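Chemist: Provided herewith is a single structure, encoded as structure tokens, for subsequent inquiry.
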Amino acid sequence: MPPPPTVLLAPDKFKGCLPAMDVCTELQTGLLDGARPIDVVLRPMADGGEGTLDAALLAGFDSFVVAAAGPLAEPRNTRIGLGGSTALIELAEVCGLARLPGGRGRPMRASTYGVGLAMRAAIELGCRDLVVGIGGSASTDGGMGAAAALGARILDQSGRPVRLCGAGLGEVASVDLDPMLAGLDGVRLVVATDVASPLTGEHGAARVFGPQKGATAEHIRDLEAGLENWAAHLQRAGGVDVRVMPGAGAAGGFLAPFLATDSVRVVSGARFVLDLTGTRQAIAAADVVVTGEGRWDSQTATGKAPHAVLDAARSAATPVIAVAGSFAADTDLTGVMAHYSLTELALPDRDPERDARTLLRQIGSRIAGQLR
């Protein structure tokens, strides 16, 4: 009797609907509902944003709780992942949009201070490799909060510490990054992101991502001016103009102080998660890979997690099945063996988002039927 087929489930979250792990478990339920035995391997994917920590924990990292701060700098504990000398910190887990009280955007007050505290805690635990996934941020503070938590001295014209949030960017009159660099001495910092936006300008942090964080036109104007001021002082302190550097605008400018001091390596979030979690090897060992996200469109091919999975599967010659809430009309599904859409499976009078769990189980059953 031949061994049961191995199906690797590696979807990203269905944004606004289900986290990646829930997508996996519903598909798994459908796959295992039939009589034929199937080996199912769960590898929920992420691109550095929400779900990155959970993906690492499922792949073998240990969960550890450290003292940090939420998006409004309120003290709170947070989870980080530990694996050997490596610490994984997910910005969204520490101080992302989902952590805002009541879910209401506070674009001028939100801060990355908590991420810096988590980074410092990891260093104090003896970690020498720090990985920070920076999707899902609530702030546009130019990374000022994180830098200050790591020791940077950021002062106003009166020599007092500035407010460590978007509203404080315009107050900056002097910056000393040497204490931050001393704290990072001997530490390899990697930031995972698939956002290539510059810090300022038409395609920068404030103008492109500010509205998603609740920023009004007035907020965006003030944040843009503040980021320009912050960048000018970073250039004086580090000798690097970060304003137009690709990726400097990711997560509200989180990378700015680290790029200014050449103390960070920036990597593709989705591809890094593939390697960090051993998913690339799992893809090669599987008979079929299932991946997807809420909306599969032309943007999926710009570095998002499902496309990274698809690329890895092509290299390993492993067949791929795509699952999504919906597929855009112009979607390129070259190399995909089959695809399933919640929208197409939903009954005419039903909401596919509301019925997502049931529909994913149905898709799992259909995939199992294909394997017979």
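Chemist: Residue check, R207 against (1) closer than 28 Å to A308 by Cβ; (2) assigned to a loop (DSSP other than H, G, I, E, B), all met but one. Which one?
Modeler: For R207, the failing item is (2).
Chemist: Now for a different question. Tell me, please, whether a residue that is hydrophobic (A, V, I, L, M, F, W, C) and assigned to a helix (DSSP H, G or I) can be found in region 234-241.
Modeler: Checked against the condition, which is being hydrophobic (A, V, I, L, M, F, W, C) and assigned to a helix (DSSP H, G or I), region 234-241 yields at least one hit.
Chemist: Does G252 satisfy the criteria of being free of Cβ contacts under 8 Å to residues at least 24 places away in the same chain and not assigned by TED's automatic domain parsing to the domain that holds A329?
Modeler: no
Chemist: For region 242-274, name all the residues that are at pLDDT 95 or above, within 22 Å of G186 (Cβ to Cβ) and assigned to a helix (DSSP H, G or I).
Modeler: P257, F258, L259, A260
Chemist: Now, a different point. Which residue, of E93, E50, is under 18 Å from the mean Cα position of the chain (by Cα) and in a loop (DSSP other than H, G, I, E, B)? Don't jump to the end; show me each part of the working.
Modeler: Numbers: E93 fails: in a loop (DSSP other than H, G, I, E, B).
So the residue among E93, E50 that is under 18 Å from the mean Cα position of the chain (by Cα) and in a loop (DSSP other than H, G, I, E, B) is E50.
Chemist: From the list A98, A110, A87, A146, which residue is of a type in the set (A, V, I, L, M), surrounded by 21 or more Cβ atoms within 10 Å (Cβ to Cβ), in the same structural domain as T261 (by TED's automatic domain parsing) and assigned to a helix (DSSP H, G or I)?
Modeler: Values: A98 fails: surrounded by 21 or more Cβ atoms within 10 Å (Cβ to Cβ); A110 fails: assigned to a helix (DSSP H, G or I); A87 fails: assigned to a helix (DSSP H, G or I).
The match here is A146.
Chemist: Go through A192, A182, A147 for me and flag whichever is closer than 22 Å to E93 by Cα and more than 17 Å from the chain's Cα centre (by Cα).
Modeler: It is A147.
Chemist: Let me spell it out: the conditions are (1) assigned by TED's automatic domain parsing to the domain that holds G253; (2) modelled with pLDDT of 95 or more; (3) farther than 27 Å from H233 by Cα, and D39 meets all of them except one. Which number is the exception?
Modeler: Only one criterion in (1) assigned by TED's automatic domain parsing to the domain that holds G253; (2) modelled with pLDDT of 95 or more; (3) farther than 27 Å from H233 by Cα is unmet by D39, namely (1).
Residue-by-condition table, conditions (1) outside any strand (DSSP E or B); (2) without any contact (Cβ under 8 Å) to a residue 24 or more places away in the chain; (3) outside the structural domain of D194 (by TED's automatic domain parsing):
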| site | (1), (2), (3) |
| --- | --- |
| G30 | yes, no, yes |
| A35 | yes, yes, yes |
| L57 | yes, no, no |
| G60 | yes, no, no |
| F64 | no, no, no |
| A68 | no, no, no |
| P71 | yes, no, no |
| N77 | no, yes, no |
| G81 | no, no, no |
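Chemist: Going by the conditions given, is A317 surrounded by fewer than 15 Cβ atoms within 10 Å (Cβ to Cβ) and without any contact (Cβ under 8 Å) to a residue 12 or more places away in the chain?
Modeler: Against the criterion (surrounded by fewer than 15 Cβ atoms within 10 Å (Cβ to Cβ) and without any contact (Cβ under 8 Å) to a residue 12 or more places away in the chain), A317 qualifies.
Chemist: Before we move on, is F14 assigned by TED's automatic domain parsing to the domain that holds G294 and either crowded, with 19+ Cβ neighbours inside 10 Å or touching a Pro at 6+ places or on another chain (Cβ under 6 Å) (or both)?
Modeler: The answer is yes for F14.
Chemist: For region 340-351, check the following and say yes or no: at least one residue is of a type in the set (F, W, Y) and under 19 Å from S268 (Cβ atoms).
Modeler: No, because not a single residue in region 340-351 is of a type in the set (F, W, Y) and under 19 Å from S268 (Cβ atoms).
Chemist: Which ones in region 41-65 are touching a strand residue (DSSP E or B) at 6+ places or on another chain (Cβ under 7 Å) and either aromatic (F, W, Y) or surrounded by fewer than 21 Cβ atoms within 10 Å (Cβ to Cβ) (or both)?
Modeler: The answer is V41, L42, L57, L58, G60, F61, D62, S63, F64, V65.
Chemist: Given L360, L347, L342, which one is hydrophobic (A, V, I, L, M, F, W, C) and surrounded by fewer than 16 Cβ atoms within 10 Å (Cβ to Cβ)? Explain how you work it out, then say what you get.
Modeler: Values: L360 fails: surrounded by fewer than 16 Cβ atoms within 10 Å (Cβ to Cβ); L342 fails: surrounded by fewer than 16 Cβ atoms within 10 Å (Cβ to Cβ).
Every option except L347 fails the conditions.
Chemist: May I pose another question? Against the condition surrounded by fewer than 22 Cβ atoms within 10 Å (Cβ to Cβ), closer than 30 Å to G303 by Cβ, within 24 Å of the chain's Cα centre (by Cα) and touching a residue at least 24 places away in the same chain (Cβ under 8 Å), how does H203 come out, does it pass?
Modeler: Here the answer is yes, as H203 does meet what is asked.
The values are calculated or read from the model by the stated rules, or taken from the named source; none is laboratory data. This is a predicted model, so every value here is computed, not measured. Positions of Cβ are backbone-derived with ideal geometry, glycine not excepted, and every protein chain shown enters the neighbour counts.
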